[in-house]
1. On the full set of protein chains, 1.4 Å probe, figure out the accessible area of Lys469 and give it in Å² to the nearest 10.
2. With a 1.4 Å probe and all protein chains kept in place, how do Thr473, Thr322 rank by accessible area, largest first?
3. What FRET efficiency comes out for Lys116 versus Gln401 if R0 is 45 angstrom and r is the Cβ-Cβ distance? Round to the nearest 0.05.
4. Once phi is turned into θ = phi - 60°, what whole-Hz ³J(HN,Hα) does the Karplus curve with 6.51, -1.76 and 1.60 give for every residue of the range 263-269, x standing for Gly and Pro?
5. Under Stokes-Einstein, with the Kirkwood radius over Cα pairs standing in for Rh, what whole-number D in µm²/s applies to the range 21-102 at 10 °C and 1.306 mPa s?
6. Ignoring everything but the protein chains, give the 1.4 Å probe accessible area of Trp236 in square angstrom, nearest 10.
7. Ignoring everything but the protein chains, give the 1.4 Å probe accessible area of Thr440 in square angstrom, nearest 10.
8. Restricting the calculation to Cα positions, tell me the Rg (one decimal) and the Dmax (whole number) of the range 70-111 in Å.
Amino acid sequence: FNIKATMSSEPVTNNRAKRSDRDFIFGKVIGEGSFSVVYLAKDIHTSKECAIKVCEKQQIVREKKQDYVKREREALNRLSGISGFLNLYCTFQDPRNLYFVMTYARKGTLLKLLEKSRTFDVDCARFYSAEILLAIEHMHTNNIIHRDLKPENILLDENHHILIADFGSSRLDDVEPKCESSDEYSDKDDTESDSDELKAHMKHSKRKRGSFVGTAQYVSPEILKGRRSSKCSDLWSYGCIIYQMLTGFPPFRGPNDYLIFQKITKLELSFTSDFDYQAKDLVSKLLLLDPRKRIGADDNSPYASIRNHDFHRGIEFSAMRTGDPPVPNENMKGTSIDEISPTDEPFKFPDNVKPGLNVESFAAMMGLSSDVKTENVVSTSEIVDYSNMSKEEKLSRIEKQKSDIWHPFTNDELIIKRGFVNKRKGALYLPRRRMLLFTTGPHLIYIDPVQMVKKGEIPWSKDLKVEIKNFKTFHIHTPLRTYYLEDPEGYALKWRQAIEVTYNNLYSK
């Protein structure tokens, strides 16, 4: 990774200077990805708040995300200083991590605002539709296709104006100026052979060049089928976002990714009876299977045909960011946007936390005493260290455990820790609720609590590693796979404690 440090109060420039994590005080976790965590931080030199995305190098290599990181940095460099995007202030690295210092989006995400207001009224949806369109125009002018546009990746600044984020899935430099022409697209329903092709693509996408990127509900059919993406792929996602702003949910929904993908490839699109008719016309012209036929496909940026659509009538695109966004619910007129989407109290950085991403800052983030030491975390845990337990006591505990409904899954081993977790195969997969049992084998067993069947086991080895992401989220790394887990009760740290006690007993000598 040849990511060199730069330092500036403005977007990244040629002014080079060494920076490190010790130039910042780290606060709460404000976001996370499969190999990164985003922290709220404060520059010790300027006291300015910022967001720092910390990417673990080993995890990047393990998940083969080197290109993802390079694309993100290049895209942010190109777009820094342009309204509607995060500024990348500087990047630096140390032996373990890469650091991206960016704008702090104080009001969270468009998705969170949607969740709080349920739906946007037409004026609010029209406003944000116009701001998102401006951002798409800037991206495409700079030869960037985002390929993962969704409400979760649209952030909001302190005035509730949008900031587009997360460019790891983007395409750069080789962007086609127009949407690709192809006879492969049609508006008719897919045949059974198309369904077979979809299954095959999903099965082998990890090994194919140009494989599926994006998020299930927003991905365009051409990307889904492994065909070349174009600027019109972002226009498809844009149509999905407009639909969701007005209804509260994406246009293509299902219990799993495969069924969602089928609905997309068959264009199973419906509108409620009260869906605004101008918005319906625009969305219907954006969500077409053939990219060539989507509204805007023949436009050069800016997208005049979309700007001039009746849905955007009255919008002054040149003055979008000078006014205040409208209230996001017509039933709450007279209410300020801050009352509908309140921010948390300003985060108070602890006075006694030293700069840098260290034990003290981590402890503060986890809600522990700032003088906590790593070794004390284990000694004060509630986990039984069974290594010094007599054989008689162990057998006695197992005998009592036999009345437990989870005992049949233990192979007559003692349960060290158990709890419900949400388990994901990866960032694009829906979470599955599982009972996780940690036994004296040691074994890490996960069970479907509805069907009461064992679904699998996390393989134990000397190479096993537990990584804490925040209060709830933790990853268990094994040589062949990473397990993405979330404890809804917020005991991620206790899971790591339990596993590390046993790990140290087995391998410390």
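1. Number for this one is 10 Å².
2. Thr322, Thr473
3. So the FRET efficiency works out to roughly 0.55.
4. 5, 5, 5, 9, 6, 7, 10
5. Values: Rh = 13.2 Å.
Rounded, D is 120 µm²/s.
6. 0
7. 10
8. 11.7, 35
The values are calculated or read from the model by the stated rules, or taken from the named source; none is laboratory data. All values reported here derive from a predicted model rather than from experimental measurement. Positions of Cβ are generated from backbone atoms using ideal geometry, with glycine treated the same way; all protein chains shown enter the neighbour counts. Please note that ligands, DNA and RNA were not included when accessible areas were found on the heavy atoms of the full protein model with its side chains. Shrake-Rupley method; radii C 1.70, N 1.55, O 1.52, S 1.80 Å.
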